[in-house]
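Contents: one structure, followed by commentary.
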Amino acid sequence: MFLIEPDETRYDLRWHLFGTPVRVHPMFWLVSIILGYDSTIRAGVGYLLAWVGCVFFSILLHEFGHVWMGQMFGSSGHIVLYSFGGLAIGSKQQDRRWQRILVSLAGPLIQLVFLALLWFGKDLLFRSVPLGWRIPTYRIWLMLIEINLLWPLLNLLPIWPLDGGQISREVCQGVMPAQGTSFSLGLSMVVAGFLAVHEFMASKGRPLFHLSIPESSPMYLRLLKGMCESGSMFNALFFALFCVSSFMALQAENQRRRSWSDDEWV
């Protein structure tokens, strides 16, 4: 998800999977535990570890989506999992803009495909599980549903450097070659800032918007409604950091454009 590869440490895990080098930074495990601690620890340490396993599998699948799509266009890459997500480094070395857009889209898309398999295969799954394992299996299934529904949708928002932000940047650069980067960063700043305020207000019980989804709707729609309306200070800080990051990148891009314009007359 983020664009800067973290430094290697002596505690990294490394292996090859499907011919692709994979490295897991120790911060990945720590952040995964923090993200799932409150919602799982009451059920026991086993469910917290299951949450970490679900996050690991889902993010790894996401990054392989980027790598496999990149391989279709002749690029190769390696995967690094760390902090809030991961990187598929080298997977976007394409000359054509539409190919880079498809590579960015492939990560969230493969998660949504996996989500569909989870949803439509649930009856077969639960019938094949022994009766005593059905409650743990259901809870783990819910974890996978939540991660592979909410996280790819979040990743598709036009916020830099999420996949949606990279897609937005490519589209804006294609439509407005001179100002596309600045416009995409401005859009990223506005969307991230709005969501930061929304999350803060929602944490106080006053969200800026509501989704009109009846309680009788399918579970995945109720999960989406819950994500939009049950804000948290953590999410508010998360989006605020993206807003500040986009603002700083916009300032740097505007300075670069001014310097380039001045150089024209030298």
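The values are calculated or read from the model by the stated rules, or taken from the named source; none is laboratory data. Source: prediction; values computed, not measured. A quick note on method: Cβ atoms are made from the backbone with ideal geometry, for glycine too, and the neighbour counts reach across all protein chains shown.
Remark: pairs (first residue in region 245-266, within 14 Å of G180 (Cα to Cα) and in a helix (DSSP H, G or I); second residue at pLDDT below 85 and not aromatic (F, W, Y); Cβ separation under 9 Å; 6+ apart in sequence or on different chains) = R257/A178. For region 126-140, the set of residues classified as under 16 Å from G44 (Cβ atoms) and of a type in the set (A, V, I, L, M, F, W, C) consists of W133, I135, I140, listed by residue number. If the condition is being surrounded by 18 or more Cβ atoms within 10 Å (Cβ to Cβ), under 12 Å from the mean Cα position of the chain (by Cα) and closer than 15 Å to S32 by Cα, then region 82-96 contributes G85, G86. In region 159-170, of all residues being in contact with a Ser or Thr (Cβ under 8 Å, 6 or more places away or on another chain) and aliphatic (A, V, I, L, M), the one that is farthest from F84 (Cα to Cα) corresponds to I167.
From the residues in region 231-256 that are among the aromatic types (F, W, Y) and at pLDDT below 90, which one is surrounded by the fewest Cβ atoms within 10 Å (Cβ to Cβ)? Looking at residues that are among the aromatic types (F, W, Y) and at pLDDT below 90, I get F234.
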